[in-house]
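Student: I am attaching a structure below and will ask some questions about it afterwards.
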Amino acid sequence: MPTESTFLLAGLFLLLAAAGWALGRFGERDIEDVAPPLNVDYLKGLNFLLNEHTDQALEHFLAMVRVDDKTIETHFALGSLFRRRGEVDRAIRIHQNIIARPDLAAEQRDQALYSLAKDYLHAGLLDRAEKLFVRLAEGSRYQVQALESLCGIYEQEKEWQKAIDAGQRLEVLGGRSLALQIAHYYCELAEAAAASNDYAAARQHVKKAQSGRPRTMRGALTRAHIARETDDNKTALRLYHRIIEEHTYLIAEALPEIVATYEREGSTAGLDRALRSMLKSNPDMMSLVAYTAIVNNIGGIPVIDECVERYLLEEPTLAEFVDLQQLTEADEETHDQALQKVRGALSKLAAATPRYQCQECGFSSQRLLWQCPSCRNWETQRPASRVQFETVLQHNITSH
Ligand SMILES: [Zn+2]
């Protein structure tokens, strides 16, 4: 059965026919042998389309219609329609057919190259798309769009230095700051260098990441990571504490590292002091500390265990599932066992619940992602203000 887009294609075909007819009537009146309106060729093509014989229609169309200035826009429209329908091979053939025309004007050639590059991108042929976008970025009216697409391609290919170069050119040509995006490219380079133990290069990249505004806290996290790896615990701790102070939502990234660093130093007392002082100046952090501890299975540290216990008792939804009496009146061993049981269950629930959500497109994930995989924006994820245990618990009860 013909679909809506089949009719669109057919409509385009009719437009083409009408254009030919109008030209015949008014444009080139002195020429005697112009095609009559809706000639047999058009009707044949139309028939192919309406019967879903798109391949035959395409062949018929490519063979029949000479690309000239009057019909070229219809070719472009047909090409982009095919691409939108997901029929990229057909779009590619249409655009290649336009490019093959020897006397094509420079502007139309650029338009056809840009369309073809988008087809390749759509088809996942990144190398071919990249070549065309590079050419268009050198000098065409598609420079800005080409550089934007190149940034996207280099992000996918993790070619961060190329992404930085394209991003910096785009800032100049597009007249807008891409500081945050470029800072993340540098952080990617820094993390890769750190992963191969090249800490000197990693530090250089972080420095560049932090030179623009707005800054990303990811730069500080990477620096802290480098400090930790190079046994500079003092710097690592200072940075992790600063990260939490400035952006409390990054606690899930920083707290486990703080705990691990103090434990490596064998300084449980130091950890207890540091966390108590943090909670004193910012009591709202209690539930964040508790949640992070539950998700990351951090236990056996008095100040953190106190946070978890208070969190379980104060969260109204959770209180229904916790035997308060058992917790408050039982002997120490029973108390600890009961607490451990609830923590274990919550940890499992939390692991199955998306914690972060993109503020641009709503994409959610369990771990923090610096670039949203859906809308490709950088640093747009934030944690849910409070964990929707209610929803999760209800879901679990009804599905079991
Ligand atoms: Zn998003």
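Student: Which of the peptides 330-342, 239-251 is most tightly packed, and how do the rest follow, judged by the mean count of other Cβ atoms within 10 Å per residue?
Tutor: Details: 330-342: 12.7, 239-251: 18.1.
Averaged packing, sorted descending, gives the order 239-251, 330-342.
Student: For GLN111, what charge total do you get from the other residues with a beta carbon under 10 Å from its beta carbon, if Lys and Arg give +1 and Asp and Glu give -1?
Tutor: Values: positive: ARG109, ARG141; negative: GLU73, GLU107, ASP110.
With Lys, Arg at +1 and Asp, Glu at -1, the neighbours total -1.
Student: Another question, then. How much net charge surrounds GLN143 when only other residues with a Cβ under 12 Å from its Cβ are counted (Lys, Arg +1; Asp, Glu -1)?
Tutor: Values: positive: ARG135, ARG141, ARG169; negative: ASP110, GLU138, GLU148.
Result for the neighbourhood of GLN143: 0.
Student: Can you work out the FRET efficiency for the pair SER211 and GLN56, with r the C-beta to C-beta distance and R0 = 45 Å, to the nearest 0.05?
Tutor: Details: r = 59 Å, r/R0 = 1.31.
According to the calculation, E is roughly 0.15.
Student: In addition: Within 10 Å of each residue's Cβ, count the other Cβ atoms and sort VAL88, VAL289, VAL144 from fewest upward.
Tutor: Numbers: VAL88 19, VAL289 23, VAL144 16.
In order of increasing Cβ crowding within 10 Å: VAL144, VAL88, VAL289.
Student: Also, I was wondering about something else. Figure the gain on full extension for GLN366 and VAL144 (residue separation times 0.36 nm, minus the Cα-Cα span) and round it to one decimal in nm.
Tutor: 76.5 nm
Student: Can you tell me which of 182-188, 208-214 comes out highest on packing, and rank the rest after it, using the mean Cβ neighbours within 10 Å?
Tutor: Details: 182-188: 25.1, 208-214: 15.9.
Descending packing order for the listed peptides: 182-188, 208-214.
Student: In nm, give the distance between the simple-model label positions of ARG382 and ARG264, each being 7 Å from the Cα along the Cα-to-Cβ direction.
Tutor: Using points 7 Å along Cα→Cβ, the separation is 3.2 nm.
Student: Convex hull over the Cα atoms of region 168-243, averaged projected area in nm²? Please report the intermediate quantities before stating the final value.
Tutor: Numbers: hull surface 19.4 nm².
Projected over every direction and averaged, the Cα hull of region 168-243 covers 4.9 nm².
Student: Another question, then. Calculate, in nm to one decimal, what LYS44 and GLU332 gain on full extension: separation in residues at 0.36 nm each, minus their alpha carbon distance.
Tutor: Details: separation 288, 0.36 × 288 = 103.68 nm, distance 8.69 nm.
95.0 nm is the gain from fully extending LYS44 to GLU332.
Student: Taking the Cβ of each residue in LEU349, LEU271 as the centre, tally the other Cβ atoms inside 10 Å and list the residues starting with the fewest. List each step's numbers first, then the result.
Tutor: Details: LEU349 17, LEU271 21.
Going from sparsest to densest Cβ surroundings: LEU349, LEU271.
Student: Quick one: which residues, 5 or more positions from ARG215 or on another chain, have an amide H under 5 Å from its amide H? H modelled 1.01 Å from N in the peptide plane, none for Pro or chain starts.
Tutor: The answer is none.
Student: Taking amide H atoms as placed 1.01 Å from N in the peptide plane, list the residues 5 or more away in sequence, or in a different chain, whose amide H sits under 5 Å from that of ASN377.
Tutor: CYS372
Student: What distance in nm separates the simple spin-label points at ASN296 and GLU245, each placed 7 Å from Cα in the Cβ direction?
Tutor: Computed distance between label sites ASN296 and GLU245 equals 1.9 nm.
Student: For LEU279 paired with GLN359, estimate the spin-label separation in nm (one decimal), with each label point 7 Å from Cα along the Cα-to-Cβ line.
Tutor: Each label point lies 7 Å from its Cα, and together they span 2.8 nm.
Student: Straight-line reach only, C-alpha to C-alpha below 21 angstrom: list the lysines that LYS208 could link to, leaving out same-chain residues fewer than 8 apart.
Tutor: List returned: LYS158, LYS162.
Student: Throw me the Rg/Rh for region 247-372, computed over C-alpha atoms with Kirkwood Rh, two decimals.
Tutor: Working: Rg = 15.6 Å, Rh = 15.8 Å.
Taking Rg over the Kirkwood Rh, I get 0.99.
Student: Same structure, new question: With Cβ to Cβ distances under 11 Å as the rule, what net charge do the other residues near LEU81 carry (K, R +1; D, E -1)? Before the final figure, lay out the partial values.
Tutor: Details: positive: ARG83, ARG84, ARG85, ARG90; negative: GLU87.
Here the count lands on +3.
Each value in this text was obtained by applying a stated rule to the coordinates, not by laboratory testing. Everything numeric here is computed off the predicted structure, so don't read it as measured data. Virtual Cβ from ideal backbone geometry, glycine too; neighbours counted across all protein chains shown.
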